[in-house]
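Reviewing the structure listed below.
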Amino acid sequence: MKPANKNLTQMLAAALATAIAAPALAAGDHMAGMLGTVPPIHTDPTVGYAALNQNEWRGGDGSNTYRWDGEAWYGSSFNRLWLKTEGSLDTDTGTLDDTEAQALLSHAISPFFDLQAGVRYDIKTAPSRGWATLGFEGLAPMFWDLGAYLYASDAGHYGARLEGSYDLYLTQRLVLQPQFELNAYAKRDARRGQGSGLSDLDAGLRLRYEIRREFAPYIGLSYERLYGDTGRYARADGEDSSKLLFVAGIRLWL
Amino acid sequence: MSSMTHGVGGISRRRFVQGLAAGAAVTVFSPTMLPLARAAVPRPGSYGLPELSGTEFDLAIEPTAVNVTGTPRLATLVNGTLPGPLLRWREGDTVTMRVTNRLNTPSSIHWHGMLVPPEMDGVPGLSFNGIAPGETFTYRFPVRQSGTYWYHSHSGFQEQTGLFGALVIEPREADPVAADRDYVVMLNDWTDEDPHAIVRHLKTGDGYYNYQKRTLADFFRDSSKNGFAATLKERWAWGMMRMDPRDIVDVSGAQLGGTYTYLINGQPPAANWTGLFQRGEKVRLRFINGSAMSYFDVRIPGLKMTVVAADGSNVEPVSVDEFRIGVAETYDVLVEPQDDAYTIFAQSLDRSGYARATLAVREGLTAPVPPMDPIFSRTMTDMGMSMSGMGAMHGMDMSSAGGMDGMAHQPSAMTMGGGHQMSGMHDMHGAAASGMAMGGMHHGGHHGWMPPPTPPLPATAPTNASGIVAYPQPKDVHLQRGPAVVNIAASPTTRLDKPGDGLNGNGRRVLTYADLVRLDRGPQNIAFDARDPQAEVLLHLTGNMDRYIFGFNGQTYEQARPVRLPYGQRILVTLINDTMMEHPIHLHGMFTELHNSADHRRRPLKHTVSVKPGEKLHYWVTADERGRWAYHCHLLYHMEAGMFTSAEVA
């Protein structure tokens, strides 16, 4: 790891530690006069949650891809451990693409936003990369679920991501969801087919039917676009730099 | 019994909501699984529920299989009935309850509204250690009051799973309320779900149980009614705040995917609990809201109800068509039925379901069940925002079918329409509230009603003989927005003269807190205290619906210092609701006197005070019961999410 990245990682760790320690400092003396060992209420139970927001087949251009985008968290109201994963599996060739996993610690820092920091690992046919991650996730004005992240890789690369989604209720069960994920990189990474600047967009429009909150089949469209040099690398490999695909899947919560 | 999947499909869900019909009515099985079906029609002369009376009681808390909806579930019951046995006490007696815990987890019973020594109050971790599995705890205390109260577990979520019952205390002296029949009407919300699953749903899913969200169709409907630009602006205002005006309750009985079946005396609507009367009789109905989370709007179509008591204490009779009962409140009403049958109709606050029972001259008669009122939306008033902000909410006020706060009586405000100001909205926590926002503008049900002036307070709160000073005084409260505090009401309003969202201007005479006047004849549960307050204690009711964190002054139980009420002092408590939901705030151990417009000697006594969204109100407390008392929101999941503190009287 280069010194610059080490510093960044250390800063992330320090910021997170401070943020997590803050509420403990504010604790009152309520517990001091407690009778017995059991408090009258258990204010902040640890809760777990897992969801596959994208769990779908993509196709329509002759290819067949399984795409997933899932997240899970476990923790209290203020502090949580997050696991996130997304990726694509070409079901015709059995190859993984654009696949990653993240492990993040999060801390609530405002009414609607969490600070998140951790690591991300990319799995690609080209060399895999590890990244340190710092970002925010939460509910933005107008009810957009937004995430914004900065990444620093073990090979001295920097990246940024913005992702968001919105639920438009057509009825109490039928929900139209626009969604996007935008990636950008500070410098070119030719071995991974990545240009500098704006790199790729994955956008979608999904119409789901919530048979119950935990189980919602959907159909929709996805639009994938590669920008700049990333697009040129793809075209050189004989791939399209933009794709409009049909999707069909089932959103799941556990 | 066919199996059914929770929340899926119309038919099964309908039965879920309506519950099992009378034939199969809430069967309760003893631990040995011998069926012990209870009739939906009580025997004559009783309060309408299985009853125990005297001074010595043996109570057993047991896991018991019940079947409310068609699916057998394990409940936590007292003596095997849902609700637990009604306990009939007499003022002046000393009562003894030997409570045995046959669960495999600790348990407790709290006597809600009772003036008891702190060690008899039944709050684990505060007043005692709780009742360990297999143990028997003996509660013993003198009964110093009379009226309608109730009891419930104060451990975990046992209150949700059936651990509750009614208390009726006969006064020593003549009861000023004369009736030929006397029934308890206990309201509850039953769920087949594990309460921990409900917590998880509240923590993870935004509006998991809300099936009344505003849809695209609502947008078009509002647009055609109020104009596209006005509707867009209104949606923008709520969107910028990230608030949903249809966040009425957290846990609903919605057919589409709610979880609650609403009960009267343990019976779901289909089983139809029935109280008998003879024509010409005066019937006393003692309503107790023993729900975990549900407010009810109660009426008996065709009958006027005369409210004679609130929270166990008598009030000047007031004749109404309807009343809203917050969780843990009680109201006693008198009715004089003339027809053969009437429906007691208790719709939940969010109109997602109802509890229903019948008053009839003989078994088997029914009266029509009215349709539920339309769904309503919250307003800027509920966010504690100023009138200029409310103007901007015009579009929404018009779109909701129910009457809106204040608006119905203020034609000028309704015509503000498109050209409104947004100022109030963005200044959510700005201290500089515009002057026009305050009390005088909000007259509604009572023409020209004004919040009473606050009493004079000494510049510095005095220390009592034990060296204690009141806490938290307004100077001690430093509230900031943050993960636990989404909103701080910039211009909270006092609306004791309003029945509340969804009831304002509905054409019926609905009880309000301004109607309650303590009865100065007959039994008095506490003596009148003529002193002015010596200190003010300020509690903001705060929260973050999205994260499902609640608290007082932005702090959860673990974070907060206890409230201090110096022994012997008279304290003015100010409650400000910064959230968009009602909170029924319950102080253990002492009655509170609601600061409404009643004469200072006639302020009504309450043990649970419901604070409307965006409301500021006061009550008085004489701190004359030494000990450490629980002080909390009586919405079970709010309490468990942090809206709980303790009040120390020393």
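Rule-based calculations on the coordinates, nothing more; no lab input. Every value quoted in this text rests on a predicted model; they were computed, and no experiment measured them. When we count neighbours, we look across all protein chains shown, and the Cβ atoms used for this are built from the backbone with ideal geometry, even at glycine.
For the reader, a short list of remarks on this structure follows.
- Selection among B:LEU565, B:THR512, B:MET643 by position relative to the dipole of segment B:474-649 gives B:THR512 as farthest towards the positive end (Cβ unit charges, Cα centre).
- Highest-first arrangement of B:68-77, B:482-491, where packing means the average Cβ count within 10 Å: B:482-491, B:68-77
- Gain on full stretching of the segment that runs from A:SER128 to A:ARG212 - 0.36 nm per residue minus C-alpha separation: 26.4 nm
- Of the GluC sites (Glu not before Pro) in segment B:141-243, those whose Cβ has at most 13 other Cβ within 10 Å and which sit in DSSP loop: B:GLU173
- In segment A:160-254, GluC sites (Glu not before Pro) in a DSSP loop with at most 14 other beta-carbon atoms within 10 Å: A:GLU239
- Ranking of B:ARG181, A:ARG191 by count of other Cβ atoms within 10 Å, fewest first: A:ARG191, B:ARG181
- Using a Förster distance of 25 Å, the FRET efficiency for A:TYR223-A:SER110 (Cβ separation, nearest 0.05): 0.20
- Between segment B:146-209 and segment B:232-274, the Cα center-to-center distance that results, in Å: 18
- Qualifying trypsin sites (Lys or Arg not before Pro) in segment B:491-569, where qualification requires a DSSP coil assignment and no more than 15 other C-beta atoms within 10 Å, comprise B:ARG508, B:ARG521, B:ARG531.
- Within 10 Å of the Cβ of each residue in A:105-114, the mean number of Cβ atoms contributed by other protein chains is 4.
- FRET efficiency, A:TYR121 to A:LEU201 (Cβ-Cβ, R0 30 Å, nearest 0.05): 0.85
- From least to most packed, judged by other beta carbons within 10 angstrom and beginning with the fewest, A:ILE219, B:ILE198, B:ILE264 follow the order A:ILE219, B:ILE198, B:ILE264.
- Pairs beyond 29 Å (Cα-Cα), from B:LYS213/B:LYS606; B:LYS282/B:LYS606; A:LYS84/B:LYS612: B:LYS213/B:LYS606; A:LYS84/B:LYS612
- Segment A:163-190 and segment B:343-362: distance between their alpha carbon centers, rounded to Å: 45
- Distance between the modelled labels on B:LEU216 and A:ALA190, one decimal in nanometres: 4.8 nm (7 Å Cα→Cβ projection).
- Put a dot 7 Å past the Cα of B:SER224, heading toward its Cβ, do the same for B:PHE528, and the two dots end up 6.0 nm apart.
- Backbone N under 19 Å from the B:THR94 label point (7 Å along Cα→Cβ), restricted to segment B:131-174: B:137-146, B:172
- Cβ-defined net charge surrounding A:ALA148, 9 Å radius [Lys, Arg +1; Asp, Glu -1]: -1
- Relative contact order, percent, segment B:37-137 [alpha-carbon distance under 8 Å, six or more residues apart]: 25
- B:VAL469/B:GLU170 FRET efficiency (R0 35 Å; Cβ-Cβ; nearest 0.05): 0.30
- Modelled this way, with points 7 Å down the Cα-to-C-beta line, the labels at B:ALA459 and A:ALA72 are 6.4 nm from one another.
- Set of segment A:41-79 residues, backbone N closer than 17 Å to the point 7 Å along the Cα-Cβ line of A:ASP154: none
- Least to most buried among B:MET380, B:MET114, B:MET545 (fewest other Cβ within 10 Å first): B:MET545, B:MET114, B:MET380
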